[in-house]
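To start, the structure under review is shown below, and the notes come after it.
The values are calculated or read from the model by the stated rules, or taken from the named source; none is laboratory data. Predicted model, so just to flag it, every value in this text is computed and none were measured. Backbone-built Cβ (ideal geometry, glycine too); neighbour counts: all protein chains shown.
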Amino acid sequence: MTSFRDEVQELKTRYPEGTRSAILPALRLAQERHGWLSREAIEETADALELTPAYCYSVASFYDWFHLEPVGRHTIDVCTNVCCGLVNAQAVLDAFERELGVGPGETTPDGEVTLRAVECLGGCSTPTIVAIDDVYRQSVTPEQVPAIVAELGQ
Amino acid sequence: MSETTVRVAEGPALVLAGYEGEPLRSLESYRAVGGYAQLEKARAEDPQAVIQQVIESNLRGRGGAFFPTGRKASFIPTPDKIARPIYITVNADESEPGTFKDREIMLKVPHRLLEGCLIAAHAIQSKQVYIYIRGEYLEEYESLQGALGEARDAGILGGVEIVIHRGAGAYICGEETALLESLEGKRGQPRSKPPFPAISGVYESPTLINNVESITTIPSIFALGPEEYAKIGAPPDSTGTRLFCLSGNVERPGVYEAPHGITARHLIYDIGGGVPDGRTLKAVMMGGSSFPVMTPDDLDTPLDADSLGKKGYFIGSGVVTVIDERTCIVQFALRVAQFYMHESCGKCTPCRVGTRWLVQLMRAVEEGTASERDLDLTLDVCDRIIGKCLCVLGDSAAMPVASCVTKFRDEFREHLAHGGCPFGGDSQLAGLFAPVDQHAHTAVPQEAPV
């Protein structure tokens with residue numbers, strides 16, 4: 001298995017020398033390995049990129065996709081922007097809240113699932129779009145929610 | 001798999017040419033519909049002649065700004081004039097609420113995007129393309145990466161390197177200078193212009209930035225010839241087709257390719273099947289959530305930049321989101337304001353503070369604690385945001401909110417008289433959860449006093 005450091009070096013080759021462009025892909029890689037961007041993950045990234053941890057943190061904290069706090073083993077992101085809202089996003093979000101027993105931005109007590117309400121995911125033609133572990137699922141209805149949550153538990 | 005309906009609704013198939021329901025993801029399938037033939041044609045021509053043809057087609061940016069694509073390319077210095085690399089960046093950071101077309105391009109005709117990139121690279125003599133794709137787009141990224149791998153193996157790139165760079169969740173990175181900052185590995189905050197990207201873009205080098213749909217349209221200009229292309233749609237300014245994003249309370253939502261100039265009514269009722277269950281159309285989110293809302297009396301406006309502009313509307317990224325009678329327009333304005341507050345990068349005070357103020361005002365109206373004075377105050381706040389920031393994000397919050405207050409003032413007044421929302425809990429957007437209660441990118445608490 002290639003080391004994180006080696007993979008980051010490969011990422012750096014995609015961009016001109018001396019630039020910091022590899023930081024987003026490197027942080028993405030770090031998050032995929034650690035589940036979230038812990039202090040350790042940020043330091044590891046900084047080390048591989050030869051940047052300071054403070055700089056890496058300042059960049060990571062700008063972007064919604066990066067988790068700066070621990071999240072569950074699974075993430076459920078429900079789109080609640082206008083287009084999905086017009087066609088029942090609220091009911092879908094409510095169904096997830098009921099099924100998981102947590103509200104948006106929270107993680108189930110067993111650390112399994114983090115539920116989030118997010119901005120437009122770009123699937124506006126079908127009610128409602130939900131990203132489950134970052135994979136899009138369109139046309140999610142409240143009725144499907146129990147089965148979706150059960151699937152994750154297996 | 002995307003479940004979005006994607007089809008050519010009328011007129012010639014340009015962006016979606018050859019797509020009949022099966023994605024043209026493999027090189028073989030794209031070649032079978034004439035793929036990469038226009039690249040060969042363009043490469044045989046002088047770069048300046050290629051730019052000239054794009055100018056003659058009068059193709060304009062499909063990301064929202066509607067800037068002439070060919071003219072933008074003509075601003076890029078030729079390699080003999082500048083001792084720096086020349087870059088192309090493709091804006092695939094599709095995040096405007098209601099927009100879901102670039103995603104479908106990357107899923108259905110990824111090779112056509114690459115072909116457009118390579119024609120553009122030849123035109124401005126660039127050897128390096130960065131495609132900045134929205135971080136949440138996973139399948140789209142894989143589709144594009146797959147197409148790129150095949151094109152590279154087949155020797156189609158011809159010495160041009162294309163890198164797909166994934167964003168990480170920030171609407172503002174769809175703004176061209178914020179995109180450049182982000183690509184350089186920084187927080188995605190817009191730059192002051194000038195210098196314009198054509199002179200000093202990524203890595204302080206000349207950079208051409210185009211939206212996915214704009215670039216993907218380029219091969220069709222060479223297939224038809226610029227003169228023929230320029231006859232399609234609503235010439236002289238709104239030529240060609242575009243991918244309209246139809247959504248909301250409509251029977252058949254989807255991505256529909258159609259010429260500029262079809263009316264909103266035709267798109268919504270004939271192509272889209274109208275509002276379900278015999279309900280009445282109340283408003284249209286026209287162009288995207290960043291623009292003034294359209295009222296039903298303007299439904300016969302042709303969807304081209306000129307006709308829309310005369311009535312104070314924008315074609316934006318081709319968004320047509322139908323809002324029916326069940327929706328409280330104050331809730332709509334509140335939800336839109338919340339989005340822009342969340343996405344404000346925090347660099348300019350009118351936007352950082354103003355978006356938060358708008359949220360507070362809209363919430364006060366919705367909850368019935370506002371007064372008539374607050375409606376005027378809202379318009380005043382909007383006025384103090386518009387045109388006073390480095391980028392248009394602030395304007396994008398202020399324009400829709402101001403349009404709601406102006407065009408639906410009676411409904412706002414009903415809230416004041418009623419001491420709260422007259423819809424009770426029945427509006428579609430009732431209680432819709434705002435994703436975060438603070439500025440995502442600045443960590444300013446929402447309820448902090450303005």
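The selection criterion, being at pLDDT 95 or above, touching an Asp or Glu at 6+ places or on another chain (Cβ under 9 Å), surrounded by fewer than 24 Cβ atoms within 10 Å (Cβ to Cβ) and in the same structural domain as B:Ser205 (by TED's automatic domain parsing), does not hold for B:Gln48.
The set of residues from the stretch A:44-70 being touching a Lys or Arg at 6+ places or on another chain (Cβ under 7 Å), under 25 Å from B:Met341 (Cα atoms) and of a type in the set (Gly, Ala, Ser) comprises just one member, A:Ser58. Scanning the stretch A:63-96 for residues that are among the charged types (D, E, K, R) and surrounded by fewer than 18 Cβ atoms within 10 Å (Cβ to Cβ), which turns out nearest to the other protein chains (Cβ to nearest Cβ)? By that ranking, first place goes to A:Asp94.
Screening the stretch A:26-38 for residues that are crowded, with 21+ Cβ neighbours inside 10 Å and either hydrophobic (A, V, I, L, M, F, W, C) or more than 14 Å from the chain's Cα centre (by Cα) (or both) and picking the one that is nearest to the other protein chains (Cβ to nearest Cβ) gives A:Leu27. Residues of the stretch A:1-25 that are within 22 Å of the chain's Cα centre (by Cα) and assigned to a helix (DSSP H, G or I): A:Phe4, A:Glu7, A:Val8, A:Leu11, A:Ile23, A:Leu24, A:Pro25. Annotation: A:Gly111 fulfils all but one of (1) out of contact with any Asp or Glu (no Cβ under 9 Å at 6 or more places or on another chain); (2) within 14 Å of chain B (Cβ to nearest Cβ); (3) of a type in the set (Gly, Ala, Ser); (4) assigned to a loop (DSSP other than H, G, I, E, B); the unmet one is (2).
When you look at B:Pro296, is it touching a Leu at 6+ places or on another chain (Cβ under 9 Å), without any contact (Cβ under 8 Å) to a residue 40 or more places away in the chain, more than 22 Å from B:Ser95 (Cα to Cα) and outside the structural domain of B:Leu393 (by TED's automatic domain parsing), yes or no? Against the criterion (touching a Leu at 6+ places or on another chain (Cβ under 9 Å), without any contact (Cβ under 8 Å) to a residue 40 or more places away in the chain, more than 22 Å from B:Ser95 (Cα to Cα) and outside the structural domain of B:Leu393 (by TED's automatic domain parsing)), B:Pro296 qualifies. Counting only residues that are touching a residue at least 24 places away in the same chain (Cβ under 8 Å) and in contact with a Leu (Cβ under 8 Å, 6 or more places away or on another chain), the stretch B:63-85 holds 4 of them. Report, by residue number, each residue of the stretch B:324-343 that is buried (at least 24 other Cβ atoms within 10 Å of the Cβ) and either more than 12 Å from chain A (Cβ to nearest Cβ) or part of a strand (DSSP E or B) (or both). Within the stretch B:324-343, just B:Val330 meets the criteria. Across the stretch A:132-154, the qualifying residues are those that are touching a residue at least 12 places away in the same chain (Cβ under 8 Å) and under 18 Å from B:Lys101 (Cα atoms), and the one among them that is surrounded by the fewest Cβ atoms within 10 Å (Cβ to Cβ) is A:Ser139. Just checking, does the stretch A:95-103 include any residue being within 15 Å of A:Ala131 (Cβ to Cβ) and out of contact with any Ser or Thr (no Cβ under 9 Å at 6 or more places or on another chain)? Looking through the stretch A:95-103, at least one residue is within 15 Å of A:Ala131 (Cβ to Cβ) and out of contact with any Ser or Thr (no Cβ under 9 Å at 6 or more places or on another chain). Considering each residue of the stretch A:126-134 in turn, none proves to be outside any loop (DSSP other than H, G, I, E, B), facing chain B (nearest Cβ under 9 Å) and out of contact with any Leu (no Cβ under 8 Å at 6 or more places or on another chain).
When the stretch B:18-36 is limited to residues that are of a type in the set (Gly, Ala, Ser) and touching an Asp or Glu at 6+ places or on another chain (Cβ under 9 Å), the one that is surrounded by the most Cβ atoms within 10 Å (Cβ to Cβ) turns out to be B:Gly35. Can you pull out the residues in the stretch B:66-103 that are within 20 Å of B:Thr217 (Cβ to Cβ), away from chain A (no Cβ under 14 Å) and hydroxyl-bearing (Ser, Thr, Tyr)? Selection gives B:Thr69, B:Ser74.
Just name the residue that is farthest from B:Ala258 (Cα to Cα) out of those in the stretch B:1-17 that are touching an Asp or Glu at 6+ places or on another chain (Cβ under 7 Å) and either of a type in the set (Ser, Thr, Tyr) or within 14 Å of chain A (Cβ to nearest Cβ) (or both). Per the criteria, the residue is B:Ser2.
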